[in-house]
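Q: Once you've had a glance at the structure underneath, I'll fire off some questions.
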Amino acid sequence: MTADVWLPIPAEEIEGLPEGPRYRFWDGGEEYPADPADCVYYVVPYMKPAEVAVRPLARLSSVRVVQTLSAGIDALLPNLSDLRPGVQVCNARGVHEASTAELALTLILASLRGVPDFVRAQERGEWLGGFRPALADKNVLIVGYGSIGSAIEDRLVPFEVARVARVARSGRTTARGPVHPLTDLPALLPEADVVVLITPLTESTRGLAGADFLARMKDGALLVNVSRGPVVDTKALLAEVESGRITAALDVTDPEPLPREHPLWRAPGVLISPHVGGPTSAFLPRAKRLLVNQLTRFVNREPLGNVILTTGANSA
């Protein structure tokens, strides 16, 4: 049987790919590049609808690895049962840290300093002065302290924040200080001026930022979501921002894309970017390095990095 590797980037554009496999280019088009049954390593097309990404799964009868180029694998989870047992599912840790952390910081600064107001005032030819909040001296809470959460903290440090609190699924100690478990959120939320969501979307984090979570945020606090839209309860968020009690900066929404008439577009104190944390000029070189590294390990029968789960073993 031919051992095919399906790539969403043409192989000739990726320097350093190991010899051995037959590389097939498939970026989600209607026609498959070859028989899916011959594919042993499937790299999921990036920024394609979930139904496109999962379409070949049931026919990948020989696949051993499914590799995403996204930080999360939530789009695949409902269809993992289509894969045979023993398939390793890997994410793109190392690809999106820089660009997502940049955007998180951009959203924080733009929201606190009132940049959207300045843009609207510029369109009117109005000089809009006055005092605005600074990021300096603020308490920041990062919910979802993985590699991207750590990269966000890297970029916060030069801004003289008062404190960074870190939360992950389970507690641990890092060189920077403690990482609190999710169960500590009720005590941490009232102290935070800025709350950054960068947690994976799982059944335990779906709706995490609901009415109780938001009610615990202090008056005037900023919620920043650069994770997945369903981590936030949209209805509960609308109630809080429309009252003016808190503000929000959202790179992801639920639903997504956000319909033209959705009230979030016009809610006071809300800044929305269209899920652009990952797709920047930083993506392609890092994605290529990841693929070269992973496929070299695969060809040499070495353990892969970024393994999130193995089907039939610890799949969700």
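Q: Across all directions of projection, what mean area in square nanometres is found for the Cα convex hull of the stretch 57-182?
A: Values: hull surface 46.5 nm².
Computing the convex hull of the Cα atoms and averaging its projections yields 11.6 nm².
Q: Place a point 7 Å from the Cα of Ala313 along the Cα-to-Cβ direction; which residues of the stretch 66-95 have their backbone N under 11 Å from it?
A: Output list for this probe position: 86-89.
Q: Using packing as a proxy for protection, rank 219-232, 266-279 so that the peptide with the highest average count of other Cβ atoms within 10 Å comes first. Don't jump to the answer; show the numbers that get you there.
A: Working: 219-232: 22.7, 266-279: 16.7.
Packing order, densest peptide first, comes out as 219-232, 266-279.
Q: Also, I was wondering about something else. What do the square roots of 5 times the Cα gyration tensor eigenvalues come to for the stretch 94-144, in whole Å, largest first, as semi-axes of the equivalent ellipsoid? Don't jump to the answer; show the numbers that get you there.
A: Working: eigenvalues 146, 47, 8 Å².
Semi-axes (√(5λ), whole Å): 27, 15, 6.
Q: Once the Cα atoms of the chain are picked out, what are the Rg and Dmax in Å?
A: Expressed in Å, the Cα Rg and Dmax of the chain come to 21.2, 70.
Q: To test your reading of the geometry: what angle, between 0 and 90 degrees and rounded to tens, separates the Cα axis of helix 115-124 from the longest principal axis of the chain?
A: Its long axis makes an angle of about 70 degrees.
Q: Counting other Cβ atoms within 10 Å, which chymotrypsin sites (Phe, Trp or Tyr not before Pro) in the stretch 53-155 have at most 10 and lie in a DSSP loop? Don't skip to the answer; put the middle values down first.
A: Numbers: sites: Phe118, Trp127, Phe131, Tyr145; in loops: Trp127, Phe131, Tyr145.
Taking the stretch 53-155 and a limit of 10 other Cβ atoms within 10 Å, the loop chymotrypsin sites (Phe, Trp or Tyr not before Pro) found are Trp127, Phe131.
Q: I would also like to ask the following. Based on the Kirkwood radius over alpha-carbon pairs, what is the Stokes-Einstein translational diffusion coefficient of the stretch 237-314 at 20 °C with 1.002 mPa s viscosity, in µm²/s? Don't skip to the end; give the middle numbers.
A: Numbers: Rh = 16.3 Å.
Answer from the Stokes-Einstein relation: 131 µm²/s.
Q: Further question on the same structure: Work through the residues other than Leu112 whose Cβ is under 11 Å from its Cβ and net out their charges, Lys, Arg +1 and Asp, Glu -1.
A: Details: positive: Arg113, Arg132, Lys138; negative: Asp193.
That sum, taken over residues with Cβ under 11 Å, equals +2.
Q: Can I ask one more? Which value, in debye to the nearest 20, describes the size of the charge dipole of the chain about its Cα centre when Lys and Arg Cβ atoms bear +1, Asp and Glu Cβ atoms bear -1, and nothing else is charged? Mind dumping the intermediate values first?
A: Details: 32 positive and 36 negative charges, 116 e Å.
Charge dipole of the chain: 560 debye, to the nearest 20.
Q: Given 25 °C and 0.890 mPa s, how large is the Stokes-Einstein diffusion coefficient of the stretch 97-272 in µm²/s, with Rh as the Kirkwood radius over Cα pairs? Spell out each step's value before the answer.
A: Numbers: Rh = 16.4 Å.
In µm²/s, the coefficient is 149.
Q: Compare the Cα positions of Ile142, Ala58, Val115 along the charge dipole of the chain (+1 at Cβ of Lys, Arg; -1 at Cβ of Asp, Glu; about the Cα centre) and return the one farthest towards the positive end.
A: The Cα lying farthest towards the positive end belongs to Ile142.
Q: Further question on the same structure: Below 8 Å, C-alpha to C-alpha, sequence gap of six or more: please give me the relative contact order for the chain in percent. Don't skip to the end; give the middle numbers.
A: Details: 596 pairs, mean separation 55.9, N = 316.
Value for the chain: 18 percent.
Q: To make sure I understand the rule: partners must be lysines, Cα under 28 Å from the Cα of Lys218, and not fewer than 8 residues away in the same chain. Which ones qualify?
A: Excluding near neighbours in sequence, the set is Lys138, Lys235.
Q: Could you tell me the calculated FRET efficiency between Lys218 and Thr183, based on Cβ-Cβ distance and R0 = 22 angstrom, to the nearest 0.05?
A: Details: r = 20 Å, r/R0 = 0.90.
Efficiency for this residue pair is about 0.65.
Q: Here's something else I'd like to know. Build a GNM of the chain with springs between Cα atoms under 10 Å: which of Leu77, Leu214, Leu197 gets the top mean-square fluctuation?
A: Result for the chain, Cα springs under 10 Å: Leu77 fluctuates most.
Taken together, the values in this text are just the output of simple stated rules run on the coordinates, not laboratory data. Source: prediction; values computed, not measured. Here the Cβ is made from the backbone with ideal geometry for all residues, glycine too, and neighbour counts use every protein chain on show.
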